[in-house]
Amino acid sequence: MPIINVQMIEGRTTEQKEALIAAVAQAVMDSIGAPEENIRVIINEYAKGHWGMGKLPAHKAGR
């Protein structure tokens, strides 16, 4: 059972996250032939202050 973890800064819409899940699942099906019902995609979202970019949190790095 492929489990794919996506980590990203919060702020995407529900529709964008649904599209991401579908695209990631399709990529797994195409690349390794896993059946759709066996694929899990987990999205972990983080506040901009909880994501570092270089020496700065994302909100201070212009994200």
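Read-outs throughout are calculated quantities, based only on the coordinates presented, and are distinct from any laboratory measurement. These numbers come from a predicted model, not from an experiment. Cβ coordinates were reconstructed from backbone atoms using ideal geometry, including for glycine residues, and neighbour counts include every protein chain displayed.
Brief remarks on what is shown
- In segment 8-19, the count of residues that are within 26 Å of H59 (Cα to Cα), small (G, A, S) and not in a strand (DSSP E or B) is one or more.
- Failed item in (1) more than 14 Å from the chain's Cα centre (by Cα); (2) at negative phi; (3) not in a helix (DSSP H, G or I), with H59 passing the rest: (3)
- Of the residues making up segment 24-48, those that are outside any strand (DSSP E or B) and surrounded by 11 or more Cβ atoms within 10 Å (Cβ to Cβ) number 11.
- Cβ pairs under 8 Å, 6+ apart, first in segment 16-32 and within 11 Å of I4 (Cβ to Cβ), second surrounded by fewer than 15 Cβ atoms within 10 Å (Cβ to Cβ) and not hydrophobic (A, V, I, L, M, F, W, C): L20/R12; A25/E36
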